[in-house]
1. Roughly how many whole Å is it from the C-alpha centroid of segment 188-219 to that of segment 137-151?
2. Considering the chain as a Gaussian network with a 10 Å cut-off on Cα pairs, which listed residue, 279, 326, 258, attains the greatest mean-square fluctuation?
3. For a 23 Å ceiling on Cα separation, which of these pairs sit above it: 234/341; 180/336; 113/336; 180/323?
4. Could you do me a favour and compute the accessible area per residue for segment 1-153, 1.4 Å probe, result in Å²?
5. With the chain treated as a Gaussian network of Cα nodes joined by springs under 10 Å, which of 130, 285, 303 yields the largest mean-square fluctuation?
6. For 225, 297, give the ranking by accessible area with the largest first, probe 1.4 Å.
7. Keeping all protein chains in the complex and leaving out DNA, RNA and ligands, what accessible area do you get for residue 201 with a 1.4 Å probe, in Å² to the nearest 10?
8. Mind listing the phi-derived Karplus ³J(HN,Hα) values for segment 171-188, rounded to whole Hz, using 6.51, -1.76 and 1.60 with θ = phi - 60°, and x for any glycine or proline?
Amino acid sequence: MEARGAAHPAVRILDDLVRIQSVNPHYGADARGERDVADYIEARLLRAGLQVTRQPVADGRDNIIAELRVGKPESALLFEAHMDTVSIGSMRDALVPTYREGRLYGRGACDTKGALAGMIHMMERCAQHPERLNADLVFCASVDEEHAFIGLTAFMSLNMPISGAVVGEPTELGIVVEHKGCTRFAVRTHGKSAHSSVPHKGDNAIYAMMDVVRHVRETVEPGLDGIDSPLCGKPTIVVSTIGGGSQINIVPETCDIRVDRRIVPGESAEAVLADFERRMKTDLPHLELTVNPLLLDPALNTPHDAEVVQAAQSVASRLGMNKSLRGVTYGSNASKLQDWKGIPAIVFGPGSIEQAHSAEEYVPVSEVVQAAEFYYQLACSYTAGQKE
Ligand SMILES: [Zn+2]
């Protein structure tokens, strides 16, 4: 595989992006955050003549927002991709793009710098020919998708009118319109402490939690079998941490678990949590327990007839790509756009989630080129209100 010189411009951008460390600051002391990659993107987009805003989100962590206005604000199309990556971990030469068998290896190559590079290239091309656009374009390179998505939250607080969105994540060039979300919560059982020489004077919170865990395994989990989403499969529930008691000679007063419940399109994160709490209280009335939310992340459930979906399908057919609509199990910023603001969103990008976050992260170079072309064709052909 020929490296830089002969490569497609989107691949050269990706090569640059991989060399710039942008590990999310929540993932280790060596993490540099998005600062340097934001500088790079800002400089490029300014050079292209775009209107660029640097939106401060947290200390040294700014979203880069570029706008290309052609007088159609009511039909603005948003392209969004995150700048942060997970930690380098055990990946070798993670910041030196390596080309092997048509693939580019490097941290973030697939999650999600391949998509980011394609979108940057698309914005640069559109800036040269704004007369080809039928909708205003907004591009947001966001911070912190890999942790608590504060970048996307800050972007949405701007309340820009957006009629459709494309979120860049690895989908192997499939058009993703549905994905799972999750409800994470903590459960605490409350007992009564006593000296362990007289346990009958206490009430053991760990034993109470055993009832809760058994109920989750024997009743709640099998009950999920009845729910099936055509594109995303079944919901799941996992009790993933447990801890209780304070000292070996004291009957434990409290015991805590944390639970990860993956929701499918059609389920609401809030309703699932409320339902869990209600069921525990009705099914296990002898227990004193509290349930507290940790993270509520909506599922993506974009209407298949949304304009951005239809436009994406016709571009895919024209480019000889698969135009069938897909669902995935991982989450993305797309569901927040749809759930919080009612913006129809698709997820589309090069590479596979199988390689994201791994020690062997790579993206097929040809998919980066195809994704860049797909974004460009979609930007040119998108017109909200095109169908009645
Ligand atoms: Zn990602």
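1. 43 Å
2. 279
3. Violating the 23 Å Cα-Cα cut-off are 234/341.
4. Spelled out: the 1.4 Å probe surface of segment 1-153, per residue, equals 39 Å².
5. Ranking 130, 285, 303 by mean-square fluctuation puts 285 first.
6. 225, 297
7. Number for this one is 120 Å².
8. 10, 6, 6, x, 8, 9, 10, 9, 8, 6, x, 8, 10, 10, 8, 10, 10, 10
The values are calculated or read from the model by the stated rules, or taken from the named source; none is laboratory data. Note that the structure is predicted; figures quoted are calculated from it, not measured. Using ideal geometry, Cβ is built from the backbone for each residue, glycine included, and neighbour counts are taken over all protein chains shown. Just so you know, the surface numbers come from the protein's heavy atoms only, side chains and all, with ligands and any DNA or RNA stripped out. Shrake-Rupley method; radii C 1.70, N 1.55, O 1.52, S 1.80 Å.
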